[in-house]
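Reviewing the structure listed below.
The values are calculated or read from the model by the stated rules, or taken from the named source; none is laboratory data. As the structure is a computational prediction, the values presented were derived from the model and not from experiment. Here the Cβ is made from the backbone with ideal geometry for all residues, glycine too, and neighbour counts use every protein chain on show. Heads up: the accessible areas ignore ligands, DNA and RNA and are worked out on the full protein's heavy atoms, side chains in. Shrake-Rupley method; radii C 1.70, N 1.55, O 1.52, S 1.80 Å.
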Amino acid sequence: MSYSPSHQYIEVPDTASPLRIVQFTDCHLSKNPGGRLLGMDTDHSVQAVIEQVRQDQFTPDLVLATGDLADAGALEAYQRLRAYFDKLCPRQFWLPGNHDDCEVMLSLAEADTLMPFELRVGNWQILLLNSQIPGKVGGHLGAEQLQRIDQALNAAGDLGLHSLLCLHHQPLPIGCEWLDEQKVRDGEEFLQIVEGHSHAKAVVWGHVHQEVDRQLANCRLLATPSTCVQFAPGSQDFQADELPPGYRWLELHSDGRLETGVSRVQGVTFELNLQQRGYL
Ligand SMILES: Nc1ncnc2c1ncn2[C@@H]1O[C@@H]2COP(=O)(O)O[C@H]2[C@H]1O
């Protein structure tokens, strides 16, 4: 059965505007430090990305981690990742990707504190969605969750809040045939709901290990690079890219303006097997 947080929302103490957020995604940590994906040491790369946030002098008020945090759902991987993020910002919120094990993630903390459905911070609502289909690579939200999203967006609209929606899988095709087979199955219905709420300012996700920045009416549609291996944009079949690991920063202004960008690690060389045609 897929995991669905029971709590409607948690209030996060407000900070000065803008609210500064770092999104990390697709960290793929193994059970033991030094595990590799396509030759890249994923503990080393996520730590280099965190160091890049410091070098960029971006001080986050909160961290959002959007899935595939562990490569095979090992408790030790989540424990290490939490400790790495903690040094940058103890206020962090996670959602699951296809490689994650929700039960193990939840064993780190109560669902309400680490993996809530909704956050409210100042004038903003942040929804943390679950697009995981246990045992499958692709994504799905499901009728029940779509209804919950619509209700939450309606409530935010009534309160005059602006909304940011986060999930793991891409809700629309991004132009890589092999990855687009794995997009959120009911992504069209999801984006119709989003489009129907003009206070929904952005949807952010991971999974595709590359940057995407599009617009749907009022709403930015944003994919974020992985903290490890990158995938090549426009590829028909599995193809890694030599761009460095990275993260997304977001600044949410109290008047609803959203500024965002991607920053990648500079000055570090990573091992990477560009010839490999899959993970196995
Ligand atoms: N050669 C391949 N063709 C299609 N999918 C693949 C291939 N290799 C790996 N994958 C899956 O595609 C997924 C894309 O992102 P993930 O990191 O979730 O994990 C990847 C694998 O589960």
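Before moving on, here are some points about what is shown:
- Unique match (being under 26 Å from residue 35 (Cβ atoms), among the polar types (S, T, N, Q) and at pLDDT below 95) among 107, 131: 107
- Options 90, 116; residue that is open to solvent by less than 10 Å² (accessible area, probe 1.4 Å), modelled with pLDDT under 95 and assigned to a loop (DSSP other than H, G, I, E, B): 116
- Criterion violated by residue 4 - all others in (1) in a loop (DSSP other than H, G, I, E, B); (2) within 21 Å of residue 244 (Cβ to Cβ); (3) not acidic (Asp, Glu) satisfied: (2)
- Condition met for residue 50 (in contact (Cβ under 8 Å) with a residue 24 or more places away in the chain, over 21 Å from residue 139 (Cα atoms), open to solvent by less than 10 Å² (accessible area, probe 1.4 Å) and not in a strand (DSSP E or B)): yes
- Residue among 9, 3 that alone is among the aromatic types (Phe, Trp, Tyr), within 18 Å of the chain's Cα centre (by Cα) and more than 16 Å from the ligand (Cβ to nearest atom): 3
- Figure legend. Inter-residue proximity from region 205-218: first residues open to solvent by 40 Å² or more (accessible area, probe 1.4 Å), second residues part of a loop (DSSP other than H, G, I, E, B), beta-carbon distance below 6 Å, spacing 6+ or different chains. Indicated pairs: 211/225; 218/198.
- From the options 88, 75, 38, residue that is of a type outside the set (Gly, Ala, Ser), within 16 Å of the ligand (Cβ to nearest atom) and in contact (Cβ under 8 Å) with a residue 12 or more places away in the chain: 38
- Restricting 232, 223, 240 to those that are modelled with pLDDT of 95 or more, in contact with a strand residue (DSSP E or B) (Cβ under 8 Å, 6 or more places away or on another chain), within 16 Å of residue 178 (Cα to Cα) and open to solvent by less than 10 Å² (accessible area, probe 1.4 Å) reduces the list to 240.
- Pick from region 124-138, criterion of a type outside the set (A, V, I, L, M) and touching a Gly at 6+ places or on another chain (Cβ under 8 Å), ranking: surrounded by the fewest Cβ atoms within 10 Å (Cβ to Cβ): 132
- Filtered residue count, region 188-225, keeping only those that are within 16 Å of the ligand (Cβ to nearest atom) and of a type outside the set (A, V, I, L, M): 8
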